[in-house]
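Here the structure comes first, spelled out in structure tokens, and everything after it is commentary.
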Amino acid sequence: MSDPREVIIIGSGPAGLTAAIYTARANLHPLVIEGEPSSTSDQPGGQLMLTTEVENYPGFPDGIMGPDLMSNFRSQAERFGADILTKKVTRVDLSSSPFGVWVGDPTEETPSYLANSLIISTGAKALMLELPNELSLVGHGLSTCATCDGFFFRDQEIGVVGGGDSAVEEAVFLSRFGSKVTIIHRRDELRASKIMQERALSNPKIDFLWNHEVVEYLGGTKLEGVKVRNVLTSEISELPLSGLFVAIGHTPNTEIFKGQITLLDNGYIQTEHDSSKTNVDGVFACGDVQDFTYRQAITAAGSGCMAAIDTERWLEEQDLK
Ligand code: NAP
């Protein structure tokens, strides 16, 4: 094991790589442990690796493909000297500084790396229906973000799965674009707050398909509809759709930090107001792992910049820079 790094960044979505650009330019020689390719959104580059066209990231008037945007972030971080390691962090020890970070076998006694400060940017994953063909349809009619993709479905029929605040909020937002929005919910009542329910129920463009679950995606390379099952009668029917938004919740990637850092009741990392500081001195968090409100690439990138500046100042204060 070598000397402690000044900063290790765990995760490589917009938050982690922005933190890498800023800490690299501040001469902190960051090591970014970017994760390993996998079949879920929990992979190097984060959720944008599973999207197609990104039209709302400022600076790209003609839009940019999600993977291309992340590749640009990565090259920019490397240009200033960030080291990027394609491994998954399997364990951390936040009990004392320098902090221990393991990649590979988590039962090894000695950590793979030590770091004077840590930036956690492991993101969150949108829960999915776990149906065949799901990942290949993401970005091709299937989405988990209405703010990102609603615009592509102007005057088309759209479905939303779920019955919570997210599903209702997405449906109301999508009703601005689509010719019709159908909320497909597995029960006959919504979990969403009353005010959100009223907004959806009174919206003439929103229909409800109660007591139904999606059992199959229809279409080849592009979503053309869904097969749904009536959970009361088991009857199967088909619903033609151009777009389907799955809004059944998100889960933050905080498993390896449990018991070592303060998490909120919903599992997200607690950060101080207007700061990326966690309750552990020297550990900072940014991006979707601590944000369940905005969840946008640009807000994640902004918070990555905050974490880098907070880290730099903290190292300076500790005389560790
Ligand atoms: P949520 O409240 O957990 O709701 C998830 C919904 O998805 C539920 O209706 C659930 O059905 C359904 N669901 C879960 N797994 C499913 C599956 N496998 N197949 C089909 N349906 C499934 O999640 P959320 O809506 O993302 O909200 C998370 C938190 O953020 C909540 O506290 C919410 O109030 C908050 N939030 C607030 C706002 C706002 O105030 N503007 C906006 C968004 C979110 P069941 O109802 O049958 O369990």
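What 222 nm value per residue comes from the helices of the chain, counting each DSSP H run with n ≥ 4 as -39,500 (n - 2.57) and dividing by all residues, nearest 500 deg cm²/dmol?
Mean residue ellipticity at 222 nm (helix-derived): -7000 deg cm²/dmol.
How large is the Kirkwood hydrodynamic radius of the chain, in angstrom, based on all distinct alpha carbon pairs? Walk me through the intermediate numbers first.
Details: mean 1/r = 0.0484 Å⁻¹.
Kirkwood hydrodynamic radius for the chain: 20.7 Å.
Given the options 13, 144, 163, identify the residue whose Cα lies farthest towards the positive end of the charge dipole of the chain (+1 on Cβ of Lys, Arg; -1 on Cβ of Asp, Glu).
The one lying farthest along the dipole's positive direction is 163.
Enumerate the whole-percent occupancy of each 10 Å bin, from 0 to the last occupied one, for all C-alpha pair distances of the range 186-321.
Binned Cα distances yield the sequence 10, 26, 24, 21, 14, 5, 1.
In debye to the nearest 20, how big a dipole does the range 28-176 give about its Cα centre with +1 on each Lys and Arg Cβ and -1 on each Asp and Glu Cβ?
280
Quick check: Cα centre of the range 90-104 to Cα centre of the range 212-259, how many Å?
Centre-to-centre (Cα) distance: 37 Å.
Suppose every Lys and Arg Cβ carries +1 and every Asp and Glu Cβ carries -1, with no other charges. What dipole size does the range 1-74 come out with about its Cα centre, to the nearest 20 debye?
Working: 3 positive and 9 negative charges, 50 e Å.
The dipole magnitude comes to about 240 debye.
Lysines near residue 180 by alpha-carbon distance under 16 Å, same-chain residues fewer than 8 away left out - which ones?
205
In whole Å, what is the distance between the alpha-carbon centres of the range 121-150 and the range 1-30?
28
Ranked highest first by the average count of other Cβ atoms within 10 Å around their residues, in what order do 12-21, 214-223, 238-247 fall?
12-21, 238-247, 214-223
Over the chain, give the accessible area per residue in Å² for a 1.4 Å probe, as an integer.
That works out to 48 Å² per residue.
Hey, what angle do you get for helix 66-79 against the long axis of the chain, alpha-carbon based, 0 to 90 degrees rounded to 10?
Once rounded, the angle reads 10 degrees.
Return the carbon/sulfur percentage of the accessible area of the chain, one whole number, probe 1.4 Å, all protein chains in place.
Accessible surface attributable to carbon and sulfur in the chain totals 48 percent.
Pop out the ³J(HN,Hα) list for the range 272-279 in order, Karplus 6.51 cos²θ - 1.76 cosθ + 1.60 with θ = phi - 60°, rounded to Hz; leave Gly and Pro as x.
So the Karplus estimates, Gly and Pro as x, are 5, 4, 6, 7, 9, 5, 9, 6 Hz.
For the chain, which cysteines have no disulfide-compatible partner, meaning no other cysteine Cβ under 4.7 Å?
Cysteines lacking a close Cβ partner in the chain: 286, 305.
What order do you get for 116-126, 61-71, 150-160 when each peptide is scored by the mean count of other beta carbon atoms within 10 Å, highest first?
116-126, 150-160, 61-71
The values are calculated or read from the model by the stated rules, or taken from the named source; none is laboratory data. Bear in mind that the values here come from a model prediction, so they are computed numbers and not experimental data. Counting neighbours? That spans all protein chains shown, and the Cβs are built from the backbone with ideal geometry, glycine included. The accessibility values were calculated without ligands, DNA or RNA, using every heavy atom of the protein model including side chains. Shrake-Rupley method; radii C 1.70, N 1.55, O 1.52, S 1.80 Å.
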